[in-house]
Structure formats: C-alpha cells, structure tokens
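S.K.: After the structure tokens below, expect a handful of questions from me.
The values are calculated or read from the model by the stated rules, or taken from the named source; none is laboratory data. The structure presented is a predicted model; accordingly, all values stated were derived computationally and were not measured. Note: ideal-geometry Cβ built from the backbone for every residue, glycine included; neighbour counts use all protein chains shown.
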Amino acid sequence: GEDVEQSLFLSVREGDSSVINCTYTDSSSTYLYWYKQEPGAGLQLLTYIFSNMDMKQDQRLTVLLNKKDKHLSLRIADTQTGDSAIYFCAEKTDGQNFVFGPGTRLSVLP
Amino acid sequence: DVKVTQSSRYLVKRTGEKVFLECVQDMDHENMFWYRQDPGLGLRLIYFSYDVKMKEKGDIPEGYSVSREKKERFSLILESASTNQTSMYLCASSLWQGGGGYTFGSGTRLTVV
C-alpha cells in the first residue's frame with residue numbers, strides 16, 4: 001500500500017541550512033507536498049511539486065524530487081527560530097486523498 | 001483570504017456525550033476531510049466527502065459519523081464520546097482537480113473526561 005516515511009527529529013543551529021527528507025512508495029504520485037505545523041495550529045501548505053519536476057525553489061525553500069528513488073527533500077536556507085515546527089511530507093496519487101508522513105520535528109538552536 | 005474554519009479551538013466533553021465538530025470552507029471546494037492527530041501516530045483519516053451528501057470511510061471511522069448537507073459544511077459527530085477520542089481534530093478541504101493541496105483548519109483540541 002501507500003506509505004510515506006520521514007525521520008522524526010532534526011536539530012540545526014540558527015543560520016544553518018536544514019534538510020528534511022521523505023521517501024514514498026507509490027510510483028503513481030502526481031503531486032508531492034510539504035506542510036508546516038506550528039504548535040497548537042493546523043497544517044499550513046508550504047510548497048508542492050508536480051511529479052514531472054525535479055526541483056522547485058521558493059525564496060528560502062528548495063524542494064528536490066528524485067522520482068527514480070521516490071525521494072523528496074525540503075531544504076530551508078538560513079534557518080531561523082521561527083522555522084521550528086513539524087514538517088509533513090504528503091503525496092497525492094490517482095485518487096483525491098493524500099497520504100501523509102509522520103512529520104519531522106525541526107528544532108532550531110540559537 | 002480563503003479559509004477553513006473549525007467552530008471551536010478547544011472542547012471538553014464528558015464520556016457518553018454526543019459531540020459535534022463543525023467545519024466550514026469558503027473556497028467552493030468539492031472535497032472535505034476529517035483527520036485526527038495524535039502524538040506518535042501522525043494524521044489519520046477518519047472520513048471524507050467528495051460531494052454534498054456523499055461520505056466515505058477513512059482509515060479509522062469507528063465511533064464517528066459525518067454529515068455533509070451543504071457543500072461548504074462538513075460535520076464530524078461522535079455519537080457517544082469516549083476518553084480514547086481525546087485528540088486534535090483537523091478539517092481540510094481541496095479542489096477535485098489540480099495540485100493545489102489541502103487547506104487545513106486550525107484544529108479542535110477535544111478532551112473527553
């Protein structure tokens with residue numbers, strides 16, 4: 001079945017780059033997403049990439065997609081304390097539902 | 001600004017009560033979803049709907065029901081609340097076509113005592 005995996009925790013120092021990784025199993029994924037969840041809040045869509053793209057950049061965010069390896073990553077440049085949150089990877093396949101990863105808790109140390 | 005609005009941020013209910021969680025979206029989205037989020041378990045899909053009066057079970061529908069009488073409103077019902085339904089409940093909506101993703105509400109933290 002469909003499965004999305006992420007490491008659960010990541011710590012970086014303020015000003016460094018963060019790289020959050022995600023692997024998925026469904027090769028029919030059409031879109032892949034990164035969501036951010038701050039404490040006590042819902043999920044906020046950060047960015048998404050269509051499956052025929054390799055890379056997408058949006059200000060400090062860079063998404064890389066390796067479709068052959070079914071690997072998605074989110075790079076946050078110049079990480080700030082406000083970036084501390086849980087980051088969810090999600091895929092949309094042929095249906096309307098999304099499959100979410102377990103989330104990576106990013107801690108930014110001063 | 002487009003929104004998914006959940007009626008309550010925090011709720012405390014007693015075991016056995018009937019609980020209604022309301023979700024309204026103003027984006028004319030066809031699809032609406034209810035998830036619960038628990039530490040260590042991620043997001044789990046309870047029910048979803050692709051159209052008015054349509055509903056489909058997700059991964060964990062037991063103990064829940066839903067209602068979608070209007071396109072903009074999707075209600076989650078706990079027929080008889082139990083302590084194991086204490087959780088964060090997230091509503092989301094999306095368009096049928098395209099890759100725009102889900103738009104989530106702010107969540108309702110439900111505590112059943």
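S.K.: Please give the strands (runs of 3 or more DSSP E) falling wholly within the range B:25-91 in which 2 or more residues are of a type in the set (A, V, I, L, M) and closer than 15 Å to B:Thr108 by Cα.
M.R.: B:42-49, B:73-78
S.K.: Tell me which of these B:Asp59 doesn't satisfy, since it passes every other one: (1) surrounded by 14 or more Cβ atoms within 10 Å (Cβ to Cβ); (2) closer than 19 Å to A:Val99 by Cβ.
M.R.: Unmet condition: (1).
S.K.: Got a number for residues in the range B:1-37 being of a type in the set (Phe, Trp, Tyr) and under 18 Å from A:Gly40 (Cβ atoms)?
M.R.: 2
S.K.: Right, another one. Among what's in the range A:38-91 and is among the basic types (Lys, Arg) and either part of a loop (DSSP other than H, G, I, E, B) or within 14 Å of chain B (Cβ to nearest Cβ) (or both), pick the residue that is farthest from A:Leu109 (Cα to Cα).
M.R.: Restricting to residues being among the basic types (Lys, Arg) and either part of a loop (DSSP other than H, G, I, E, B) or within 14 Å of chain B (Cβ to nearest Cβ) (or both), the top hit is A:Lys68.
S.K.: Which of (1) surrounded by 14 or more Cβ atoms within 10 Å (Cβ to Cβ); (2) modelled with pLDDT of 90 or more is the odd one out, the single condition A:Gln57 does not satisfy?
M.R.: (1)
S.K.: With of a type in the set (Phe, Trp, Tyr), more than 8 Å from every other protein chain (Cβ to nearest Cβ) and closer than 21 Å to A:Tyr33 by Cβ as the only criterion, which of B:Tyr89, B:Tyr64 stands out?
M.R.: B:Tyr89
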